[in-house]
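The values are calculated or read from the model by the stated rules, or taken from the named source; none is laboratory data. Quantities reported herein were computed from a predicted structural model and do not represent experimental measurements. Note that we place each Cβ from the backbone using ideal geometry, even for glycine, and neighbour counts take in every protein chain shown.
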Amino acid sequence: MRFAVIQFPGSNCDQDCLHALRAFEGVEAGYVWHKENSLAGCDAVVVPGGFSYGDYLRCGAIARFSPILGAVKEFAANGGTVLGICNGFQILCESGLLPGALVRNRDLHFICETVHLRVEQPRTRFTNAALTGAVLRLPIAHGEGCYFADEPTLRDLEQHDQILLRYCDEQGRTNDAANPNGSRANIAGIRNRAGNVFGLMPHPERACDPLLGSTDGRVIFESILDRQSPS
């Protein structure tokens, strides 16, 4: 399976993603520069974390106009698998590939810590390696990670099983104390209606090696690699 890791000026998790992906058997992974306009030959796309274009104007606001985003949109429209991590999640929301927006954290501070996440929907191409209610332990690092959407959008996300991850405590309980950034409904990751585009603020690529303190991030990549997974 061949992954394309998009590189923007200001990306800083692209190397982490490449390293994590190449550790899986049968995976090829390479960079695709933001000025390119083709994803030919790719089976999946990762939009990594960082500060694309310096996060000027608004996180992801400039990246949405890059040449490669046109190719990402076309790839997604054709059913291709797209994963957006942290700044990648922000870019997917800004580009309209996912609903809602990522805004300043509740306390207006940059957060860098490890959090717990509850898997809400296991029958997806991004979470099928986990069980419903499984608790994952992943790191976060963001200043604008508070997921916001209006009430109709939130109801729509719930109705169509698009919320895949929620912030929780170690026992899997979702409450305000377990919500690090003020995200509505403790949302940490969502997919699109078609099920082939997924964005999350936590970093699975930074939790794929025991030396990093957790291997729970492997669940996300293992799920994508399962060719028999549902959409």
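Structural remarks
- Answer from 6, 85 - the residue that is under 18 Å from residue 141 (Cα atoms) and buried (at least 22 other Cβ atoms within 10 Å of the Cβ): 85
- Checking each residue in segment 72-86 for being outside any loop (DSSP other than H, G, I, E, B) and touching a strand residue (DSSP E or B) at 6+ places or on another chain (Cβ under 8 Å) picks out 72, 75, 76, 81, 82, 83, 84, 85.
- Residue list for segment 150-206, restricted to those being among the β-branched types (Val, Ile, Thr) and under 28 Å from residue 16 (Cβ atoms): 163, 174, 187, 190, 197
- Options 195, 182, 189: the member that is modelled with pLDDT of 95 or more, crowded, with 16+ Cβ neighbours inside 10 Å and not in a loop (DSSP other than H, G, I, E, B): 189
- Complete set of residues in segment 121-165 that are touching a Gly at 6+ places or on another chain (Cβ under 9 Å), buried (at least 19 other Cβ atoms within 10 Å of the Cβ), of a type in the set (A, V, I, L, M) and in a loop (DSSP other than H, G, I, E, B): 149
- Scanning segment 140-178 for residues that are touching a residue at least 24 places away in the same chain (Cβ under 8 Å) and within 27 Å of residue 56 (Cα to Cα) gives 140, 141, 142, 143, 144, 145, 146, 147, 148, 149, 153.
- Count of residues meeting criterion [over 12 Å from residue 140 (Cα atoms), outside any strand (DSSP E or B) and of a type in the set (A, V, I, L, M, F, W, C)] in segment 100-116: 1
- Looking across segment 10-52, the residues that are assigned to a loop (DSSP other than H, G, I, E, B) and of a type in the set (A, V, I, L, M) come down to 23, 27, 39, 40.
- Answer from 23, 44 - the residue that is crowded, with 20+ Cβ neighbours inside 10 Å and modelled with pLDDT of 95 or more: 44
- From the options 57, 92, 97, 69, residue that is at pLDDT 95 or above and not in a helix (DSSP H, G or I): 97
- Residue match in segment 51-59 (condition: touching a strand residue (DSSP E or B) at 6+ places or on another chain (Cβ under 9 Å) and crowded, with 23+ Cβ neighbours inside 10 Å): yes
- In this structure, residue 63 does not satisfy being more than 20 Å from residue 14 (Cβ to Cβ), in contact (Cβ under 8 Å) with a residue 24 or more places away in the chain and either buried (at least 21 other Cβ atoms within 10 Å of the Cβ) or in contact with a Cys (Cβ under 6 Å, 6 or more places away or on another chain) (or both).
- Single match in 70, 41 (criterion: of a type outside the set (A, V, I, L, M), at positive phi and in contact (Cβ under 8 Å) with a residue 12 or more places away in the chain): 41
- Inter-residue pairs, beta-carbon under 9 Å, first at positive phi and in contact (Cβ under 8 Å) with a residue 40 or more places away in the chain and in segment 77-103, second part of a loop (DSSP other than H, G, I, E, B) and surrounded by fewer than 21 Cβ atoms within 10 Å (Cβ to Cβ), 6+ apart: 79/194; 79/231; 100/149; 100/150
- Qualifying residue in segment 218-230 (condition: of a type in the set (Ser, Thr, Tyr) and modelled with pLDDT under 95): yes
- Scanning segment 12-36 for residues that are closer than 16 Å to residue 54 by Cα and in contact with a Cys (Cβ under 9 Å, 6 or more places away or on another chain) yields a total of 1.
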